[in-house]
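Once you've had a glance at the structure underneath, I'll fire off some questions.
Laboratory data are not the source of any read-out in this text; all were calculated from the coordinates shown. No experiment lies behind these values; they were computed from the predicted model shown. Positions of Cβ are backbone-derived with ideal geometry, glycine not excepted, and every protein chain shown enters the neighbour counts.
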Ligand SMILES: *Cc1c(COP(=O)(O)O)cnc(C)c1O
C-alpha cells in the first residue's frame, strides 16, 4: 500500500469543515461546560432569593464569576454588571451615559468609522435624536490616531467610544493614549472590548467603561458584561427596570449557569492567554508561509504588527470572496467580515474605512484562528484556500452583478 502523505493523514484524522471564524464566535471550552453543568442539571435557586440555601448557593456562584471577570480586566467586582452580551452592554453604557447626563447639557459623541455595527447604530440613533455625533476616520492600518481623535473632542463631548480590537481586521487600538485624549477634555472613554478581553491584556485603568461578550472568549452565548468605573456608575441611566438587580443597573434574574461559565472562561483566559497567543502566532505564520510558498497572490488588510494573534484579513486580488467561501466551504468555515454584514452582501464598512475601495473589500476574507485550531488544520486550510484561489483566479471568476 502506498505511503500516505502527512497532509492526507492529517486530513483523515481532522473532522471537516474546519472552523476558522473565531471572531464571529468561539466554541464553548469543555472545561467551561464542566463548570456549568451542575447549575444546569441540579436544583438551582434564584440568586436573588437568598432566604434559602438554594438561593445562597446560586448567589455565591454568581459572585465568584463576577470576581473572575473583574480580575481579568483589573477591575473590582462592583464595577461589573452582567448583561446578555456586548450588544446590550454597548446599549446600556452609551445610551445610558447620554440619558444619565442630560442635565449637564453636553451632547456630543465621538466614535470611529471602523466600530462594530452595534456602536455605529447606537450612534446613528443618538444622532437622529439631537446628539452631535462625530466619526473619526481610521488610518490605512485601521488604527485611530490619537491626535485625530483629540481634534474631534471638545467640551461638549460626553462620551468617546473606540473599540479595543477590531472584529474584522483584529487590529489593537492604542487605548491608553486614546483614553487620555478623551479624559483630558473631560469626556468619558468607552471601549467595545468584545474582541480584546481574553485575547490580549486589557486594563480597566485605560478606560471608563467597557463592553465584554462571553461567547468571544470560549464562554457561553447569551451573557456578557458592562464595566463601569465606580465613580461613574451613578451617572448611567439603566435600560431595563424591574426588580433592581445588579445594583439597579440591569433588572432581571441572572442566568446562573451562564454567569458561572462566563467566569470560568475568564479564569482560564487569565492563566492561558499569553501562551495561547504565541501558539496562535506560530500557526498564523505557518499559514502565511504556506500561501507564500505556493505562490498565492495576497495582501493583508490592516496592520499585521498591531493585531491579535488569532486574526487575518486577506485580500486575494481578482478573486471574489463570496465565491471563494462557497468553493471552500466543505473544508473551511470562513467569512468575509462581521456576521451581520455577511448577510447583507454589502462590502465591509471596516475595509472601506481603511480606504481600500469596494473591489478590494469584495475580494477579502477574514480568517480566525482559536483555541481548538491545530497544526494539522492549518495545513489543510492553507491547502484548500490555495486551491480555491487558484481555481477562481484561473477562470477569472466574477459573481454575477445581481449578487454583488
Ligand atoms: C461580537 C461583537 C459584539 C456583539 O456581541 P454580542 O455578545 O454578540 O452581543 C460587539 N462588538 C464586537 C466588537 C464584537 O466582536
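Using a 10 Å cut-off on Cβ atoms, rank the peptides 49-55, 39-45, 367-373 from the highest mean neighbour count down.
Values: 49-55: 12.4, 39-45: 14.1, 367-373: 21.1.
Result, highest mean Cβ count within 10 Å first: 367-373, 39-45, 49-55.
Where Rh is the Kirkwood radius over the Cα pairs of region 38-94, the temperature 37 °C and the viscosity 0.692 mPa s, what D in µm²/s does Stokes-Einstein return?
Details: Rh = 12.7 Å.
Reported coefficient: 259 µm²/s.
So how tilted is helix 53-73 from the main axis of the chain? Cα-based, degrees 0 to 90, rounded to 10.
60 degrees
A follow-up question, please. Could you put 110, 81 in order, starting from the residue whose Cβ has the fewest other Cβ atoms within 10 Å? Write out the running numbers ahead of the final one.
Values: 110 27, 81 24.
In increasing order of surrounding Cβ atoms, one gets 81, 110.
What number, rounded to the nearest 500 deg cm²/dmol, is the helix-based mean residue ellipticity at 222 nm of the chain, given -39500 (n - 2.57) per DSSP H run of at least four residues and division by all its residues?
Only helices count here, giving -12000 deg cm²/dmol.
Per-residue counts of other Cβ atoms within 10 Å, averaged by peptide: what ranking do you get for 135-143, 112-120, 93-101, highest first?
Values: 135-143: 18.3, 112-120: 22.8, 93-101: 20.8.
Packing order, densest peptide first, comes out as 112-120, 93-101, 135-143.
Once both axes come from the Cα atoms, what is the angle between helix 117-128 and the longest principal axis of the chain, in degrees from 0 to 90, rounded to 10?
50 degrees
Within region 56-174, what percent of beta bridges assigned by DSSP are antiparallel, to the nearest 5?
Numbers: 1 of 10 bridges.
Rounded to the nearest five, the antiparallel share is 10 percent.
A further question follows. Measure nothing fancy, just the Cα-based angle from helix 30-41's long axis to the longest principal axis of the chain, in degrees from 0 to 90, nearest 10.
50 degrees
Then there is this: When the Cα atoms of region 116-274 are enclosed in a convex hull and the volume is divided per residue, what value in Å³ results?
Working: hull volume 20.3 nm³, N = 159.
Here the figure is 128 Å³ per residue.
What percentage of all Cα-Cα pairs in region 220-340 are separated by more than 20 Å? List each step's numbers first, then the result.
On the way: 4770 of 7260 pairs.
Counting every Cα pair in region 220-340, those more than 20 Å apart make up 66 percent.
Counting other C-beta atoms within 10 Å, which of 234, 275, 106 has the fewest, and how do the rest follow? Walk me through the intermediate numbers first.
Values: 234 12, 275 9, 106 20.
In order of increasing Cβ crowding within 10 Å: 275, 234, 106.
On to the next question. No solvent, one uniform scatterer per C-alpha: report log10 I(q)/I(0) for region 204-280 via the Debye equation at q = 0.15, 0.23 1/Å, two decimals.
-0.65, -1.18
Looking at the chain, what % of its DSSP beta bridges pair antiparallel, to the nearest 5?
Close to 50 percent.
Using 20 Å bins from zero, what percent of all Cα-Cα pairs in the chain falls into each bin?
Histogramming the chain at 20 Å steps yields 27, 53, 19, 1, 0 percent.
A further question on this structure: Just for region 191-269, what percent of DSSP beta bridges are antiparallel, to the closest 5?
60 percent
Now for a different question. Percent of Cα-Cα pairs per 10 Å bin, from 0 to the last occupied bin, for region 1-132, please list those.
Per 10 Å bin, starting at 0, the Cα pair percentages come out as 9, 22, 25, 20, 15, 6, 2, 0, 0.
Relative contact order of the chain: what whole-number percent is it, with Cα pairs under 8 angstrom and at least 6 residues apart? Display every interim value, and only then the final one.
Numbers: 784 pairs, mean separation 93.2, N = 404.
Computed value for the chain: 23 percent relative contact order.
Could you sort the peptides 278-284, 157-163 by per-residue average Cβ neighbour count (10 Å cutoff), highest mean leading? Don't skip to the answer; put the middle values down first.
On the way: 278-284: 16.7, 157-163: 25.7.
The most tightly packed comes first, giving 157-163, 278-284.
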